[in-house]
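Every number here is computed from the coordinates shown, using simple stated rules; none is lab data. The model shown is predicted, which means the values in this text are computed figures rather than measured ones. As a convention, Cβ positions derive from the backbone with ideal geometry for all residues, glycine included, and neighbour counts pool all protein chains shown.
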Amino acid sequence: MAIEVFDTPGLLAQAVARRLAARVTEAVSAGRTPTVVLTGGTIAGKIYGELAHDADWRAAEYWWGDERFVPEGHEDRNDRQAREGFLDRFEVPAEHVHAMPAHGCDQSMAEAADAYAETLPDDPFDVVLLGVGPDAHIASLFPGHPQVTETERRAVEVFDSPKPPPQRISLTYPALNHTRATWFVVSGEDKAEAVAKAIGGAPVEQAPAAGARGLEETVWFLDRGAASRLSS
């Protein structure tokens, strides 16, 4: 595990954008289709805004760690943020964008979660991006909720998210940890306690972020605020 601390959220976003471009380029050069799991939130939006024409973003395929089960195009959708932030800007082909089902589809949430799991690649993802909440949740895996202990299903329905909206679909550890690299991207002093708990090895039932890790690489990208409770 590595920890990288940046003075500002802007510098954090620039660094992650550069690193993601390099990782996508590396996969393309190796003759592979880059596979990336995206996240939502303010710092994710900053990262997407920093992405430039320094990688073949059209060559990659994209999934999401979780999604709010609201209608397609709703402002709360993580996929809308990513489409507006960079997918549409780089004209990523529709078949490379694996959005989670939306409210209004002809499936129950459980059926939608299972259907989404079927879209996941057999090989490990290249990169999973994860934000962390003030309660140390990742994706829609929340402290004390049963989804944290799921070991078989790769995507699950969430009916009672403590953070609105309450209905969501989330990848689980069997999917999130099937990745070459896990990158936590965390900004703000309000996340500092959660970061310290997760890095300090708190039980996953208390700090779900503690249960996520890459097969080859796990990096915490933090700004000064998010890192403020780490011991030096």
Exercise. Are there GluC sites (Glu not before Pro) in the stretch 136-182 that DSSP marks as loop and that have at most 14 other Cβ atoms within 10 Å, and which are they?
Worked result: E152
For this session: Working from the alpha-carbon coordinates of the stretch 1-97, get Rg over Rh, Rh being the Kirkwood radius.
Result: 0.97
Problem set entry | Using θ = phi - 60° and Karplus 6.51 cos²θ - 1.76 cosθ + 1.60, couplings along the stretch 192-198 (whole Hz; Gly, Pro as x) | 4, 5, 4, 4, 5, 5, 5
Problem set entry | Where labels lie 7 Å past Cα in the beta-carbon direction, separation of E95 and E118 in nm | 1.8
Problem set entry | the stretch 37-94: trypsin sites (Lys or Arg not before Pro) falling in loop per DSSP and having at most 15 other Cβ within 10 Å | R89
Problem set entry | Cleavage-rule hits, trypsin sites (Lys or Arg not before Pro), the stretch 96-202, DSSP coil, Cβ neighbours within 10 Å at most 15 | none
Exercise. Of M100, M1, M109, how do they rank once you tally other Cβ atoms within 10 Å and put the fewest first?
Worked result: M1, M109, M100
Exercise. Simple spin-label model, 7 Å along Cα-to-Cβ: T42 to V5 in nm?
Worked result: 2.0
Exercise. In Å, what Rg and Dmax follow from the Cα atoms of the chain?
Worked result: 16.4, 52
Exercise. In terms of Cα to Cα distance under 13 Å, which aspartates and glutamates are near enough to K191, apart from those fewer than 8 places away along the same chain?
Worked result: D135, D223
